[in-house]
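Peer 1: Attaching a single structure in structure tokens format; questions to follow.
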Amino acid sequence: MADRWGVLPSMVVGQVLIAVGLVAVGGSHAFPLMAVCMVLAGAGYGILNPTTTKAGMAWFPPRQRATVVGLKQVGLPLGGAVGALVMPPLALAFGWRTAVVLPAALVALLALVTWLLYREPPAPLQSGAPVAPLSLGMILGHRDLWLVASSTLVFAGMQTVWMGFLVLYLTEVLHLSLVDAGHYLVMAQVTGMAGRVIFGMLSDRLFGGRRRIVLVIAGIGSTVCSLLMAGTGPGTGWWVLAPLALAFGFFGIGWNGVQHTLMAELVGPRGAGTSSTSAASAFPGPGSAS
């Protein structure tokens, strides 16, 4: 959609689907219907992720792209953290249906703001004519894209296991309280947000636009953290767990923006939206596991 119809209509459609899906969830009275409505809202998010990556690729030069996409990717864990703080009190005060409809209204408002304020960048030209988007077959036939997507599956698996099972591991194996275990998860989220920006800046400035070296660093750091966590057990102190959570957040969550940038750059601006979808489908995002 983004490659063929443009960023603006795709972003608006994605936000409208999220808003409609969440409003329908708030009005549903049966779990199967609620699940269908959540799928609709999820489809809207699926449109937004690669579309916003394409927008960053189109508006910014290569020397700034990884930083911009990293900043964009901060929105997911930051929004998840804000939602975790705001939504439970709203649900307790006004009911869960109202708590679901409120963010739907905010997303609908953002769709309107996007429609009014966002402007498409000038279309790239080739021999004086607009450049046609790449076909899906050409993108799927890109060898390097498959290699990066396959490595993304490994990165995403490691991140999802950490984010999905860290609290469970700390409470059931290390016998921490739920509140204390949650603090370590928050630590990982915070350094993950910082890592997405810092890795982007390193890629753009220190490494001159090279993306793979940053992903290698993130992969090595994530692996070391995982091996060290495997050696923990009952009695492991906070002076071990806190640095581990902070370090994994930085390495194991911070890689995301650089990887999105690399996927988009491999095929160029004509196929940036479709190629970014390969990354998004390999990993929907840390908010999903949370």
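Peer 1: Being more than 20 Å from the chain's Cα centre (by Cα) and not in a helix (DSSP H, G or I) is the filter here, so list the residues in the range 1-57 that pass it.
Peer 2: Result: GLY6, SER28, HIS29, ALA30.
Peer 1: Residues of the range 133-168 being without any contact (Cβ under 8 Å) to a residue 40 or more places away in the chain and more than 30 Å from MET1 (Cα to Cα), which ones?
Peer 2: VAL161, PHE165, VAL167, LEU168
Peer 1: I would also like to ask the following. Which members of the range 199-231 meet the condition of being over 16 Å from MET158 (Cα atoms) and open to solvent by less than 20 Å² (accessible area, probe 1.4 Å)?
Peer 2: Matches in the range 199-231: PHE199, GLY200, SER203, ASP204, ARG211, VAL214.
Peer 1: Just one of THR191, THR160, THR114, THR171 is part of a helix (DSSP H, G or I), modelled with pLDDT under 90, of a type in the set (Ser, Thr, Tyr) and open to solvent by less than 70 Å² (accessible area, probe 1.4 Å); which is it?
Peer 2: Going through THR191, THR160, THR114, THR171 in turn, the sole match is THR160.
Peer 1: Related question: Find all pairs meeting these conditions: Cβ atoms under 8 angstrom apart; at least six residues apart or on different chains; first residue within the range 207-228 and in a helix (DSSP H, G or I); second residue of a type in the set (Asp, Glu) and open to solvent by 20 Å² or more (accessible area, probe 1.4 Å).
Peer 2: Final answer for the pair search is none.
Peer 1: Hey, can you tell me all the residues within the range 246-261 that are in a helix (DSSP H, G or I) and either open to solvent by less than 10 Å² (accessible area, probe 1.4 Å) or acidic (Asp, Glu) (or both)?
Peer 2: Initial filter on the range 246-261 (in a helix (DSSP H, G or I)): 246-254, 256-261.
The answer is PHE248, GLY249, GLY252, ILE253, GLY254, ASN256, GLY257, VAL258, GLN259, HIS260, THR261.
Peer 1: Looking only at the range 232-242, how many residues end up being open to solvent by 70 Å² or more (accessible area, probe 1.4 Å) and in a helix (DSSP H, G or I)?
Peer 2: So the answer is 2.
Peer 1: In the set VAL69, VAL36, VAL13, which member is crowded, with 17+ Cβ neighbours inside 10 Å, more than 26 Å from GLY252 (Cβ to Cβ) and among the aliphatic types (A, V, I, L, M)? Step through it out loud before you land on a result.
Peer 2: Details: VAL69 fails: more than 26 Å from GLY252 (Cβ to Cβ); VAL36 fails: crowded, with 17+ Cβ neighbours inside 10 Å.
The match here is VAL13.
Peer 1: Let me ask something else. I'm checking my understanding of the structure. Among residues of the range 175-188 that are of a type outside the set (Val, Ile, Thr) and surrounded by fewer than 16 Cβ atoms within 10 Å (Cβ to Cβ), which one is modelled with the highest pLDDT?
Peer 2: It comes out as HIS175.
Peer 1: Also: Got at least one residue in the range 40-62 being basic (Lys, Arg), at pLDDT below 90 and open to solvent by 50 Å² or more (accessible area, probe 1.4 Å)?
Peer 2: The answer is no; no qualifying residue exists.
Peer 1: Output the number of the condition that GLY79 fails; it satisfies all remaining conditions of (1) in contact (Cβ under 8 Å) with a residue 40 or more places away in the chain; (2) surrounded by 14 or more Cβ atoms within 10 Å (Cβ to Cβ); (3) under 30 Å from VAL214 (Cα atoms).
Peer 2: (2)
The values are calculated or read from the model by the stated rules, or taken from the named source; none is laboratory data. All of these numbers come straight from a predicted model, not from anything done at the bench. Please note: Cβ atoms are built from the backbone with ideal geometry, for glycine as well, and neighbour counts cover all protein chains shown. The area values use the complete protein model at the heavy-atom level, side chains included, leaving out ligands, DNA and RNA. Shrake-Rupley method; radii C 1.70, N 1.55, O 1.52, S 1.80 Å.
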